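The values are calculated or read from the model by the stated rules, or taken from the named source; none is laboratory data. Model, not experiment: these values are computed from the prediction. Quick reminder, even Gly has a Cβ in these numbers, built from the backbone with ideal geometry, and neighbours come from all protein chains shown.
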Amino acid sequence: MEIKSVSIIGAGQMGSGIAQVFAGADYEVRLYDISKEAIDKGIANITKTLDRAIGKSLITEDDKNRTLKNISPVNSLQDCGAVDLVIEAATERETIKHAIFEDILPHIGKNTILTSNTSSISITRLASRTDRPERFMGLHFMNPVPIMQLVELIRGIATDEETYLSVEAVVEKIGKTSSTAEDFPAFIVNRILMPMINEAIYTLYEGVGNVKSIDTSLKLGANHPMGPLELADFIGLDTCLAIMNVLHEGLADTKYRPCPLLTKYVEAGWLGRKTKRGFYDYRGEFPVPTR
């Protein structure tokens, strides 16, 4: 099946980034969120990213205009249905994802492929609540989507080969590289990355080092482009906690127990860059460690 039209459900950081790369590859893109303000913010973020790319001579003004022209903001899930591919990119909460797929099912065609950008939740379980588990799979982009090259492809237990090959071809067409992951908690990237971040938070929690020393040690000692606490703030501490909970509950191994300090930050509403405070305080001119 050749895919030409795509609906992105969720216009946040991930959804808007996904919309941008598909529109830039000349797909017909519909972008939906629960509020017009969220959609407007998503389009504004795409425009800002494209302007930065123009400033770096990576694209032209014509490329920007073409990309934006390929994106159609829509006001309801019903408007998202008449497409070849649906990508759910909502909050990392399983109940929300189930509700989205339940609400969109009456409006999609019999051949429409459903995918989720979930970073950790069972694809098999999400698919089982739809009428097409064989045409359902995980399509996990990395953040920031326009820059990061990798896309994880996750088969559910019922995903058929035609669906997998169709989505794999789409990833190639948008200029990304795919890796295949089995449907186990957090897949490949987050199965490895999140325990490292969680261990860095334990290192902070136990007083082995402060925020600055931990991040500097990993940047200079392991050649990481970002320190683990800086990266956690970039991802969102609520997302990090959600993934660690999925790992802990799904694999029943104490090594995946979320650090109590991570839980405390989330309870305080200090979620990282998006709330201006996390392991760093972003309210001033430069980020300042909070510990």
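Some points to look at:
- Only one of the numbered conditions (1) among the β-branched types (Val, Ile, Thr); (2) more than 18 Å from the chain's Cα centre (by Cα); (3) part of a loop (DSSP other than H, G, I, E, B) is violated by Ile147, and that is (2).
- Verdict on Ile197 being among the β-branched types (Val, Ile, Thr) and in the same structural domain as Ser76 (by TED's automatic domain parsing): no
- Within the range 134-192, the set of residues being of a type in the set (Phe, Trp, Tyr) and on the phi < 0 side of the Ramachandran plot comprises Phe136, Phe141, Tyr164, Phe184.
- Meets criteria (surrounded by fewer than 14 Cβ atoms within 10 Å (Cβ to Cβ), of a type outside the set (A, V, I, L, M, F, W, C) and at pLDDT 95 or above) for Lys48: yes
- Glu152 of a type in the set (Asp, Glu) and closer than 30 Å to Asp26 by Cα: yes
- The residue of the range 196-211 that is nearest to Met142 (Cα to Cα), among those that are buried (at least 18 other Cβ atoms within 10 Å of the Cβ) and of a type outside the set (S, T, N, Q), is Ile197.
- Lone qualifier among Gly17, Gly10, Gly42 - being within 13 Å of Thr67 (Cα to Cα), in contact with a Ser or Thr (Cβ under 8 Å, 6 or more places away or on another chain) and either buried (at least 23 other Cβ atoms within 10 Å of the Cβ) or in the same structural domain as Asn143 (by TED's automatic domain parsing) (or both): Gly17
- Filter result for Thr216 (assigned to a helix (DSSP H, G or I), hydroxyl-bearing (Ser, Thr, Tyr) and either surrounded by 22 or more Cβ atoms within 10 Å (Cβ to Cβ) or touching an Asp or Glu at 6+ places or on another chain (Cβ under 8 Å) (or both)): no
- Restricting the range 131-149 to residues that are in contact with an Asp or Glu (Cβ under 8 Å, 6 or more places away or on another chain) and farther than 28 Å from Asp233 by Cβ, the residue that is surrounded by the fewest Cβ atoms within 10 Å (Cβ to Cβ) is Glu134.
- Residue ID - nearest to the chain's Cα centre (by Cα), chosen from residues in the range 219-259 that are outside any helix (DSSP H, G or I) and under 17 Å from Pro144 (Cα atoms): Gly236
- Only one of the numbered conditions (1) over 12 Å from the mean Cα position of the chain (by Cα); (2) surrounded by 15 or more Cβ atoms within 10 Å (Cβ to Cβ); (3) among the polar types (S, T, N, Q) is violated by Thr95, and that is (2).
- For the range 232-265, a tally of residues being hydroxyl-bearing (Ser, Thr, Tyr), touching a helix residue (DSSP H, G or I) at 6+ places or on another chain (Cβ under 8 Å) and within 27 Å of Tyr282 (Cβ to Cβ) returns 2.
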